[in-house]
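Working notes, structure below.
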Amino acid sequence: MYETKLRTHTCGELNGKNDGLNVILAGWVKKKRDHGEIVFIDLRDRYGVTQVIIEEGRGDLKEQVKNVRGEFVVRVFGIVRKRPSNMVNKDIKTGEIEVVANKIEILNESEVPPFEIKDELSVQEELRLKYRYLDLRRDTLKETIIARHKTIQSMRTFLSEKGFLEIETPVLTRNTPEGARDYLVPSRNHIGKFYSMAQSPQLYKQLLMVAGFDRYYQFARCFRDEDMRSDRQPEFTQIDIEMSFVDEEDVFKITEGLMKKVFHDVISYDLETPFLRLTYKEAMEKYGSDKPDLRFGCQINDITDMVKNCGFGVFENSDFTFAYNTKQLLSRKQIDEYNDIAKKYGLPGLFYLKYTDEELKGSIVKYLSEDVKHKLIEKLDIKNGDTLFLASGKWKRTLEALGACRRKTGNDFYIKDNEIKYKFLWVTEFPLFEWNEDEEKWEPCHHIFTMPRDEDIEYIESDPGRVHGKLYDLVCNGVEISSGSIRAFKKEIQERIMNVIGLSNEEAEKRFGFLIEGFKYGAPPHGGIAPGLDRLIMIMLNRDNIRDVIAFPKSLKASGIMEDSPSEVDEKRLTELGLKLIKKKGS
RNA sequence: GGGGUCGUAGUUCAGUUUUGGUUAGAACGCAGGCCUGUCACGCCUGAGGUCGCGAGUUCGAGUCUCGUCGGCCCCGCCA
């Protein structure tokens, strides 16, 4: 397959049809099994594993491989031989054959690796990260890296065929105070000033629309100096897409086509399109999340009116009361775990009801009239053996807390690891503005260049909370894969939006001057989306950790464990940059 | 910024609470030996420990207390 000077075949391609062929293989010793008179060596490379046999009577070869250990790099000259049927290894691609060694050459030795290179082994992640190049030899990790390549290839083909141009934009850019903290880069050419590493190519891609490149994409590396999570890295990759002369439907269609192709090409899975759509309000009220996992039910219900006058103070005095049925009989201990989650999300606590022996039970049941009980049983489809949770409070906080509980229910009971299904959906009609309680002002939900929905434009000044944007998120299995918007490309709308959030023209000019300037020269209507490549691959391969789909990821504290980054630098370099470190307290 | 959890042979863990107490165990790996069909090969023998780091309590600390570093998970944050 990939013949080179040092080999004729890879370790993953030989089979029964090659019986009798003279071959040269090169790879790593996965395992040596020494039986005395005969010796087996499993030789591994990127493509697979091939069994090499040193037969009886080859004392010369045995002497040579006497000191060969795991992970030595060797070259084997030999003849392919079909194995007797009872010795075929069905677990490996090359299991039909083995290579009878004539000559073995040690290309390089290896120290005993700090952990065994095999798939089943669980090793502390810190160690795996330190020796990432060894971890990458394991199939589980190797597969994600290969899938990542396939994903990128598939996307390039699709987008290129649809007329999109791949255009690169700067990583070193200027600081914009909104949004995520960015990484600052000093330069000795500009003492006292800093570049910012791009958080995303947002402004550049909009200017590419002004330039007339009406279909653009890019695999863009984005940098954000924020705290990590299992699905976040300080540097990550977006498939940044922007189109001119479009509305939401156009973006949906392209994105759906892209996802369909990628899932087909990479994991041979046929996605159904178009994707389901939920408005932000629906998603919140049914699932308690703006990125709901639709692989299971347990929908939330609004029971505010039902319990408003039941005589229980909490229900009577709260804005909203919501409930959902876990459809499971939960123990006291399990219920406590749910309570902890609710508290973490800012609720004083949860109420629960159990239905056993044809009877509702729980501390609050005494407040519920027969009529209310019946309504509850009907609305929440309560059957024997069900446990349900109720929570009261403000709309968003209460729903989000119940949403977190619902997520736990899903993880504990409904989402089976081995049964992968993909439930994509669009979440649409996000509010354009969000009221910041602390600072008592309106803030943009997405960014200030988002177009309001046509029918809401008249309320921008009079009722900002009612205005929804042409804003959309692509969600799959409870993960936000992507978000995007149609942009406010006209000066008049931009200014009205800036007025609401209290951003003066001068201030806007200072922060986004080059974009606003560009928009003066015939900005077309445009919009786009930017799916997160890493998260998409995570979802596709059913991994629960973003580090597993990145060759050299950072730790949760954003350190490079292998290369030990970030590092201190010489005083001399700092001086050159006009920088001086302030000593931390205590040091 | 906050909360949780983990840190003991090369690796994965037990031992830590009930009880602070002599030589800190196991499996895998590693080293030496034996073995003609294994593919998680098998059998025999052996080496291998700063119990993350630092202070404290104590006659005595892997075990208790405080601090600190690091991994992982979550809240805030991530327009």
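Each value in this text was obtained by applying a stated rule to the coordinates, not by laboratory testing. The structure displayed is predicted, hence computed values, not measured ones. Quick reminder, even Gly has a Cβ in these numbers, built from the backbone with ideal geometry, and neighbours come from all protein chains shown.
Estimated at 0.36 nm per residue, the fully extended path between A:N317 and A:Y47 surpasses their Cα-Cα distance by 90.7 nm.
Beyond 24 Å in Cα-Cα separation lie the following of the pairs A:K5/A:K130; A:K375/A:K423; A:K327/A:K361; A:K373/A:K421: A:K5/A:K130; A:K375/A:K423; A:K373/A:K421. A Förster radius of 60 Å combined with the Cβ-Cβ distance from A:E507 to A:E37 puts the calculated FRET efficiency at roughly 0.10.
Other residues with beta-carbon under 15 Å from the beta-carbon of A:M87 carry, at +1 per Lys or Arg and -1 per Asp or Glu, a net charge of -1. Taking the convex hull of the alpha carbon positions in region A:21-108 and averaging its projected area over all directions gives 5.4 nm². Rg then Dmax, both in Å and based on the Cα atoms of chain A: 29.9, 93.
Short-range pairs are left out: with C-alpha atoms under 8 Å and at least six residues apart, the relative contact order of region A:297-414 is 36 percent. Here the relative contact order of chain A, from alpha carbon pairs under 8 Å that lie six or more residues apart, stands at 13 percent. Taking every DSSP helix (H) stretch of at least 4 residues in chain A, weighting each as -39,500 (n - 2.57) and dividing the sum by the residue count yields a mean residue ellipticity at 222 nm of -8000 deg cm²/dmol.
Across region A:159-223, the mean sequence separation of Cα contacts (distance under 8 Å, 6 or more residues apart), normalised by length, yields a relative contact order of 40 percent.
In the frame of its principal axes, region A:360-497 has Cα extents of 60, 42, 28 Å, reported largest first.
According to the Cα-based calculation, Rg over Rh for region A:457-553 is 1.11, with Rh computed by the Kirkwood formula.
Among the GluC sites (Glu not before Pro) in region A:354-460, those placed in a DSSP loop whose Cβ has at most 11 other Cβ atoms within 10 Å are A:E358, A:E419, A:E437, A:E439, A:E440. Cross-link partners of A:K90 among lysines, defined as those whose alpha carbon lies under 22 angstrom from its own and excluding same-chain residues fewer than eight positions apart: A:K17, A:K30, A:K31, A:K32, A:K82, A:K118, A:K142. Based on a Kirkwood Rh over C-alpha pairs, give the Stokes-Einstein translational diffusion coefficient of region A:44-95 at 10 °C and viscosity 1.306 mPa s in µm²/s. My calculation gives 122 µm²/s for D. Multiplying the residue separation of A:K193 and A:K344 by 0.36 nm and subtracting their alpha-carbon distance yields 50.3 nm. Extension gain, A:N545 to A:E143: 0.36 nm times the residue separation minus the Cα-Cα distance gives 143.3 nm.
A Cα-only calculation for region A:364-406 places Rg and Dmax at 12.1, 31 Å. Within the same chain, lysines fewer than 8 places from A:K193 are excluded, and of the rest, those with a Cα less than 17 Å from its Cα are A:K510, A:K580. If you bin all the Cα-Cα distances of region A:395-438 at 10 Å, starting from zero, the percentages per bin are 19, 35, 31, 13, 2. If you take the alpha carbon atoms of region A:297-414 and fit the smallest convex hull around them, that volume is 92 Å³ per residue.
Here A:K333 is the anchor, and the aspartates and glutamates within straight C-alpha reach of less than 18 Å, apart from those fewer than 8 places off in the same chain, are A:D386, A:D412.
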